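Participant: Got a structure for you, written out below as structure tokens; questions coming shortly.
Please treat every number below as a calculation from the coordinates, not as lab data. Keep in mind that what you see is a predicted model, and the values were worked out from it rather than measured. So basically every Cβ, Gly included, is an ideal-geometry build from the backbone, and we count neighbours across all protein chains shown.
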Amino acid sequence: QQLLQHCGFTFFGITWHDMLPCRPDSEKSGEIAYWTTRLTEGDYKAIVQLVNLRLTGSAFALARCVFESYIRGAWLYLCASENELEKYQKDTLRMKGMGLLIEDLERNDDFQSGILSRAKSATWKDLNGFTHSGYQQLSRRFTDNIQSPQYDDREIVLMIKHATALAFLSVHMVAQVAGNSELDGRLDQKARDELGDF
């Protein structure tokens with residue numbers, strides 16, 4: 001229940017209005033990453049709202065989108081070349097697979113712990129199944145040939161924590177891109193308080 005309170009206009013007790021002063025820096029990579037990671041926040045809010053509405057299957061289907069938009073935004077900001085950024089803006093960039101994007105990111109000091117590759121290893125197969133009508137999704141949508149969703153509470157909490165952690169990382173990047181150190185510091189403390197070692 002506590003996790004579900006993050007919907008609406010707050011995130012870790014920080015209002016979305018706190019983020020309004022955040023604007024992308026003048027560099028192309030910063031601007032693209034800013035808007036890409038803001039997609040993560042929108043999908044996160046949608047997930048929480050859908051769970052509140054008991055549309056749990058649709059919430060699970062969005063979990064992969066949260067992961068992908070954060071990884072791509074971070075890669076575009078930290079790893080992409082000028083040529084790749086120009087192609088991305090023209091929608092002609094053939095984006096690398098998720099595994100290769102993560103490999104590039106983990107060469108960066110911020111991700112050398114390997115947290116992204118561990119997260120992908122632990123969740124990617126299930127995320128794909130929930131998004132693309134795999135057995136993970138179908139087996140929880142029907143009971144005895146009747147459409148009666150059966151999602152375990154522990155699975156729901158884990159999925160929301162997964163989305164919350166990624167939403168935190170996305171807002172953290174927005175604050176970094178915008179040079180908002182005050183918001184960055186507040187987010188870091190709030191995330192430690194609410195997510196712990198997750």
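Participant: Could you give the dipole magnitude of the stretch 34-138 about its Cα centre, charging the beta-carbon of Lys and Arg +1 and that of Asp and Glu -1, in debye to the nearest 20? Intermediate results must be reported in sequence, preceding the final value.
Facilitator: On the way: 13 positive and 13 negative charges, 83 e Å.
Its charge dipole is roughly 400 debye.
Participant: Continuing with this model, one more query. Mind checking the full-extension length gain between residue 108 and residue 158? Use 0.36 nm per residue of separation minus the Cα-Cα distance, one decimal, nm.
Facilitator: 15.3 nm
Participant: Using the beta-carbon distance between residue 190 and residue 151 and R0 = 22 Å, what value does 1/(1 + (r/R0)^6) give for FRET efficiency, to the nearest 0.05? The partial results should precede the final answer.
Facilitator: Values: r = 27 Å, r/R0 = 1.24.
The calculated FRET efficiency here is 0.20.
Participant: Cα to Cα, under 29 Å, and not fewer than 8 places away if on the same chain: which lysines meet these conditions relative to residue 96?
Facilitator: In chain and number order, the partners are 28, 45, 87, 120, 125, 161.
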